[in-house]
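Working notes for the structure below.
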Amino acid sequence: MMKLLTIIGARPQFIKAAAVSRAIANVGSIKEIIVHTGQHFDKNMSDIFFEEMHIPRPQYHLDINSLSHGAMTGRMMEAIEQIILDEKPDYTLVYGDTNSTLAGALAAKKVHRKVVHVEAGLRSFNMDMPEEINRILTDRISDVLFCPTDLAIQNLKNEGFDNFNCLVVQNGDVMEDAALYYAQLSESKSDILESCGLSGGDFILCTIHRAENTDHPERLSQLVSAINQLHKKIPVVLPLHPRTHKLISAQGLTINAKVIEPVGYFDMLQLIRHSSLVLTDSGGLQKEAFIFNKFCITLREQTEWRELVDHDYNILTGTNADAIYKAVEYFLRKSFVKNHDFYGSGKASDIIVNTLLREG
Ligand code: UD1
Ligand code: UDP
């Protein structure tokens, strides 16, 4: 039986792991051991996903969070290293680009264990972003790299990965697997539209949490005032990440929008599917908007999901209020017609499982 150690710690990783864990359970010949680093810890940022999506309970919970990048990554590495030495997994699997991702990959590689990176090859080309540092370093030390898009494959080729001793596979996007599977359930399980008074009405769904916005007072206050203006025209619903909540309060800013707690995945899927459009700095939400035929305005200067911008499903506005209003007006008038399939067709998790079993 193959032994797979999965390292997760932040909200999007729980959603990705839900899809892959289902595929693992279907084959029955892989023993998955889940480590939750504790990076996200509020109920609505962590437990809710395990409960709703029936993700297997983590065997290890490290409870490491709310620290500086170095302290968080270092303490995670130390704990994960010991688990790897005890468990001796065939593979250590990490997702995406968070501090939990890098800590898991580095800890495993340093004790000569094979590393699998899911969501490999993505680049924003902005080295000021913690995520860009995490994903570049993780890719470089991974043994098996699962890439979601054509562009991700191309990025690795450009960086010389053809000459490195690793396996690069284009498998599609595990978030698409999760979105397609859980969308059916969310319709009956979520009452978010009723509880927020949104049934039948138009609204913009907004999320903000990336450090490149929240940690720059000027950018954060531009975003808050743009949201306040928009909300006068069309309701803006904002499930607010605790990081953003704290920093908005610290700056003494007031948001005049429908601010709610972070929501579980079922509620989020309902909000996306019934929104008029999505305004976000999230990576995952940009793709989910596309999957559910919604335009997306990305409150950043770059995106790793460049194909969405190149084909006019997504506009990058940064925090510039005029650019945001223009993009909102443009998309509210435009019909969404999907002519592309960028992210596979819901089989990305099966490809991961089958590849690992074949490679042994
Ligand atoms: C992290 C990832 C980011 C990812 C995001 C997903 C890094 C460097 N960043 O950002 O790439 O997009 O997760 O949501 O790994 N907090 C709480 N409760 C929680 C979680 C966080 O209060 O459950 C607060 C704490 O004050 C914490 C702060 O938010 O210090 C930031 O949390 P952290 O996990 O460091 O980064 P995120 O902004 O969540
Ligand atoms: N999400 C959620 N509830 C929320 C906000 C986001 O379930 O209140 C989901 C979202 O649908 C997507 C994932 O979390 O699947 C994205 O996570 P996030 O935006 O935190 O991180 P990123 O993708 O930017 O790394």
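The values are calculated or read from the model by the stated rules, or taken from the named source; none is laboratory data. If you're wondering where the values come from, they're calculated on a predicted model, not measured in any experiment. All Cβ positions, even for glycine, are placed from backbone atoms using ideal geometry, and neighbour counts span all protein chains on display. Remember, those area values only see protein heavy atoms, side chains included, never the ligands or the DNA or RNA. Shrake-Rupley method; radii C 1.70, N 1.55, O 1.52, S 1.80 Å.
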*List every residue whose amide H lies under 5 Å from the amide H of Gly38, counting only residues 5 or more places away in sequence or on a different chain, with H placed 1.01 Å from N in the peptide plane.*
Leu62, Asp63, Ile64
*Report ³J(HN,Hα) in whole Hz for each residue of region 33-39, in order, from the Karplus equation J = 6.51 cos²θ - 1.76 cosθ + 1.60 where θ = phi - 60°; Gly and Pro get x.*
10, 9, 10, 9, 6, x, 3
*Counting Lys and Arg as +1 and Asp and Glu as -1, what is the net charge of the other residues whose Cβ lies under 13 Å from the Cβ of Glu359?*
0
*Cβ-defined net charge surrounding Leu93, 12 Å radius [Lys, Arg +1; Asp, Glu -1]*: 0
_Quick one: 3J(HN,Hα) in Hz for region 101-110, Karplus 6.51/-1.76/1.60 with θ = phi - 60°, rounded, Gly and Pro as x._
4, 5, 4, x, 5, 5, 4, 5, 5, 5
*Heavy-atom accessible area of Val27 with all protein chains present, probe 1.4 Å, nearest 10 Å²?*
60
*In deg cm²/dmol and to the nearest 500, what is the mean residue ellipticity at 222 nm of the chain if only DSSP H runs of at least 4 residues count, each as -39500 (n - 2.57), divided by the residue total?*
-14500 deg cm²/dmol
_At 1.4 Å probe radius, can you tell me the per residue accessible area of region 269-352 in Å²?_
38
*What residues have an amide H closer than 5 Å to that of Met2, excluding those fewer than 5 places away on the same chain, when H is modeled at 1.01 Å from N in the peptide plane?*
Lys31
*Note the per residue figure in Å³ for the convex hull of the C-alpha positions in the chain.*
126
_Going by Cα centres, region 261-313 and region 1-60 are how many Å apart?_
23
*asked:* How much accessible area per residue does region 61-100 have, counting only protein heavy atoms and a probe of 1.4 Å, in square angstrom?
replied: 45
*Convex hull of region 12-148 built on C-alpha atoms - directionally averaged projected area, nm²*: 8.2
*Can you pull the three principal axis extents for the Cα set of region 109-187, in Å, largest first?*
45, 29, 23
*Using bins 10 angstrom wide from zero, how does P(r) for region 87-226 break down, in % of all Cα pairs?*
10, 29, 27, 23, 9, 1
*Past 23 Å, Cα to Cα, is the threshold; run Lys31/Lys88; Lys16/Lys157; Lys233/Lys326 against it and keep the listed order.*
Lys16/Lys157
*Cβ under 10 Å from Phe266's Cβ, Phe266 left aside: what net charge do those residues give with Lys, Arg +1 and Asp, Glu -1?*
-3
_log10 of Debye I(q)/I(0), alpha-carbon scatterers only, for region 194-343 at 0.10, 0.20 Å⁻¹_ = -0.31, -1.34
*asked:* What figure, in Å² to the nearest 10, do you get for the accessible area of Ile136 with a 1.4 Å probe and non-protein molecules left out?
replied: 50
*Average the reciprocal distances over every distinct pair of alpha-carbons in region 276-360, invert the result, and give the Kirkwood radius in Å.*
14.1
_Please compute, over every Cα-Cα pair in region 185-230, the percentage with a separation greater than 18 angstrom._
50
_Apportionment of accessible area to carbon and sulfur, the chain, percent (1.4 Å)_ = 49
